[in-house]
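A short worksheet on the structure shown next.
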Amino acid sequence: MPSKSHSGVIVAHLFMGMTAGMVLAEPLEFADLDPPVRNNAQEPTLFALQDDRVLLGWTEPHPDGFAVELSVLENAEWSAARTVTVSDELFVNWADFPSVVALDDGTFAAHWLWENSKNDYAYDVKISFSPDEGLTWSAPITPHDDRSVSQHGFVTLQPLEDGSLMSVWLDGRAYDKPLFTSAASNYPDAMQLRATRITPEGTRTDDVLVDAQTCSCCQTSAASLDDGTVLVAYRDRTDAEIRDISVVRHQGGMWSEPTNVHNDGWEISGCPVNGPAIATAGQTAAVAWFTAANDKPEVKVAFSSDGGRNFGDPAKVSLGIPAGRVDILMLDPQTAFVTWVEWANESEVILACQITTGQQCKDLQLIARNNGAGSVNFPRTARTNEGVYLSWTQPSNSDDPEPSSTIRTVFASY
């Protein structure tokens, strides 16, 4: 980790373009936690268990192809790595990656991506459950009814209060095929947002169409309100190629119509590969996202006080040249902790701040600076009663004769 003084110099330099009202404060004290990963590990995900342990998942090379691995952090100690699956048919991608979560009864669930042909970007989703914290796994389940040679990915797994698992994903079954909808529109090259519910015993509902036209390769994100309602945030797409952020609600077995978080009006003819993140506390929801509307790259945060039905005016949190790749946590019903990636002096930096409903970003700090021969990609966060965890892909130094990567994970109490 950079020292406080070194971090302060970098952040102060970035602050020349800051939004009025932001406050530079003493940063949280982040400390490194060295997970049990092998060389060239990449694309971590984090999930906080109810007992304050933390679940880390990642992908790494294996003699038989690639492996999806996990480890459990307890009392600042990592368990030995536990293998979810190994294959030379895994689809491995920097932006579309596996995840691991835990249900309320302690059952682990994991998803990964499986090549369904030799075509580029043609793959299926696989989901498996573990009753013994990752030591053994059930036979994998495919959540989507569609078996076409097309893309199925950018998955979010959301545990439900009834003990089952909600799976949402982007689905390419209608891509390259005009899709007639109830809105009487023909959507060429339409990716869909679809969802299903799966039990640990393997029972699966039919997959449901949630949105018939979405951006094609931006991450999805989900969170639950205190009444069990599930909110899903994703990058939408209109016929006019406006690709702003929408939220849908799942309540009482029904999906709502999409709610536009904010009318950025970002018109772009291709996917920016930059999905939103959503977090909840009580009936409050906060969404963080990247936009480059009007050729102005920005990271924004907006709050909803009515369970995701309506969102207030967003606050800009980014400083100079953001790359986006956001994540967000709720620290309490009024305060969110948001992270994102920016460019500074030809380097990537991971920034974070706390933001409160109706206020600007405060406690802005530099988490890490990357001068490696690659990208930090999509840093992921988790929160327990003890503090905040952050994990990302850390490339080796740019002058390394054999560039590689590892997983860096840090923790700060609060």
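The values are calculated or read from the model by the stated rules, or taken from the named source; none is laboratory data. Because the structure is a prediction, the values reported are computed rather than measured. Positions of Cβ are generated from backbone atoms using ideal geometry, with glycine treated the same way; all protein chains shown enter the neighbour counts. Only protein heavy atoms, including side chains, enter the accessible area calculation; ligands, DNA and RNA are left aside. Shrake-Rupley method; radii C 1.70, N 1.55, O 1.52, S 1.80 Å.
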Study note, to complete from the structure: All conditions in (1) open to solvent by 50 Å² or more (accessible area, probe 1.4 Å); (2) under 25 Å from ALA195 (Cα atoms); (3) not aromatic (Phe, Trp, Tyr) are true of ALA76 except (2)
Check your understanding: Going by the structure shown, is LEU364 modelled with pLDDT under 95, out of contact with any Phe, Trp or Tyr (no Cβ under 6 Å at 6 or more places or on another chain) and within 18 Å of LEU390 (Cβ to Cβ)?
Key -> yes
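Of the residues GLY324, GLY312, GLY374, GLY307, which single one is surrounded by 23 or more Cβ atoms within 10 Å (Cβ to Cβ) and either of a type outside the set (Val, Ile, Thr) or assigned to a loop (DSSP other than H, G, I, E, B) (or both)?
One residue alone meets the criteria, GLY324.
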Check your understanding: Would you pick out the residues in segment 227-255 that are surrounded by fewer than 16 Cβ atoms within 10 Å (Cβ to Cβ) and either at negative phi or in contact (Cβ under 8 Å) with a residue 12 or more places away in the chain (or both)?
Key -> ASP227, GLY228, THR238, ASP239, ALA240, GLU241, GLN251, MET254
Point to revise | Residue that is surrounded by the fewest Cβ atoms within 10 Å (Cβ to Cβ) [pool: residues in segment 256-269 that are among the polar types (S, T, N, Q) and farther than 25 Å from ASN377 by Cα] | key: ASN263
Check your understanding: modelled with pLDDT of 95 or more, in contact with a His (Cβ under 8 Å, 6 or more places away or on another chain) and under 12 Å from ARG194 (Cβ atoms): does that describe VAL208?
Key -> no
Review point. What number of residues in segment 79-97 are open to solvent by less than 20 Å² (accessible area, probe 1.4 Å) and either acidic (Asp, Glu) or touching a Leu at 6+ places or on another chain (Cβ under 7 Å) (or both)?
Key: 3
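Out of the residues in segment 113-154 that are outside any loop (DSSP other than H, G, I, E, B) and open to solvent by 10 Å² or more (accessible area, probe 1.4 Å), which is nearest to VAL100 (Cα to Cα)?
Of everything passing the filter in segment 113-154, LYS126 is nearest to VAL100 (Cα to Cα).
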Exercise for review: Inspect all residues belonging to segment 270-291 and state whether any of them is surrounded by fewer than 24 Cβ atoms within 10 Å (Cβ to Cβ), touching a strand residue (DSSP E or B) at 6+ places or on another chain (Cβ under 7 Å) and at positive phi.
Suggested key: no
Point to revise | Boolean, ASP124 is closer than 18 Å to ALA195 by Cβ, in contact with a Cys (Cβ under 9 Å, 6 or more places away or on another chain) and among the acidic types (Asp, Glu) | key: no
Revision key, fill the gap. When every residue in segment 36-51 that is surrounded by 13 or more Cβ atoms within 10 Å (Cβ to Cβ) and more than 20 Å from the chain's Cα centre (by Cα) is compared, the one farthest from GLY134 (Cα to Cα) is ASN40
Check your understanding: Quick one: ARG197 ticks every box in (1) surrounded by fewer than 23 Cβ atoms within 10 Å (Cβ to Cβ); (2) not in a strand (DSSP E or B) bar one, so which box is it?
Key -> (2)
Exercise for review: Go through (1) more than 18 Å from the chain's Cα centre (by Cα); (2) surrounded by fewer than 24 Cβ atoms within 10 Å (Cβ to Cβ); (3) assigned to a strand (DSSP E or B) and name the single condition ILE355 misses.
Suggested key: (2)
Exercise for review: Of the numbered conditions (1) outside any loop (DSSP other than H, G, I, E, B); (2) free of Cβ contacts under 8 Å to residues at least 12 places away in the same chain; (3) not polar (S, T, N, Q), ALA368 fails exactly one; give the number of that condition.
Suggested key: (2)
Practice item. With the checklist (1) open to solvent by less than 20 Å² (accessible area, probe 1.4 Å); (2) touching a residue at least 60 places away in the same chain (Cβ under 8 Å) in hand, flag the one item PHE337 doesn't pass. Key: (2)
